Amino acid sequence: MTISNQTGETLVAQNDERNWGIWYLGGKDKSAPVSIGAGETKEVFGIRASKGTATGYQGQCTWIGASGSLTLSIEVPYSKDNKSSLKVSGMYSVDGWKELPPRGHHFNHLLTITKVD
């Protein structure tokens, strides 16, 4: 997932959890979710299935800023329907969010986060 942070605030990645799979950012394994500065657009969350297994992947992360937070949760099992959610609190608004489709394993979303006045 890529975020365009237009809040004017740094969004700090916290409480990342990976139930199964491997963190994967920028083409590198074991790269956990990252924070994003005000005005930046970058990949902040990536996860993939472990090689040689039939487990899929599941994880979540919360990004916290001075005016609110957002929490992304995804579950992409090997053989059941995918699930995803994005919870936004405080003074933030999100554009570009759509839940994962029921099938498939490769996804990329661009979210634009703004501050509501």
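The values are calculated or read from the model by the stated rules, or taken from the named source; none is laboratory data. Computed from a prediction, not measured in an experiment: that's the story for all the values here. Please note: Cβ atoms are built from the backbone with ideal geometry, for glycine as well, and neighbour counts cover all protein chains shown. All accessible areas refer to the heavy atoms of the entire protein, side chains included, with ligands and DNA or RNA removed. Shrake-Rupley method; radii C 1.70, N 1.55, O 1.52, S 1.80 Å.
Just one of the listed residues (SER50, SER79, SER93, SER85) is at pLDDT 90 or above and either in a loop (DSSP other than H, G, I, E, B) or under 16 Å from MET1 (Cβ atoms) (or both), namely SER85. Each residue in segment 95-106 was checked for being surrounded by 15 or more Cβ atoms within 10 Å (Cβ to Cβ) and touching a residue at least 24 places away in the same chain (Cβ under 8 Å), and 1 pass.
Applying a threshold of 7 Å to beta carbon distances and a minimum spacing of six or more residues, or different chains, the list of pairs starting in segment 29-41 at a residue that is within 17 Å of GLY96 (Cβ to Cβ) and ending at one that is open to solvent by 50 Å² or more (accessible area, probe 1.4 Å) and of a type in the set (Lys, Arg) reads ILE36/LYS42.
The rows are residues; the columns are (1) over 17 Å from ASP16 (Cβ atoms); (2) more than 12 Å from the chain's Cα centre (by Cα).
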site	(1), (2)
ILE74	no, no
ASP81	yes, yes
GLY90	yes, yes
LEU100	yes, no
LEU111	no, no
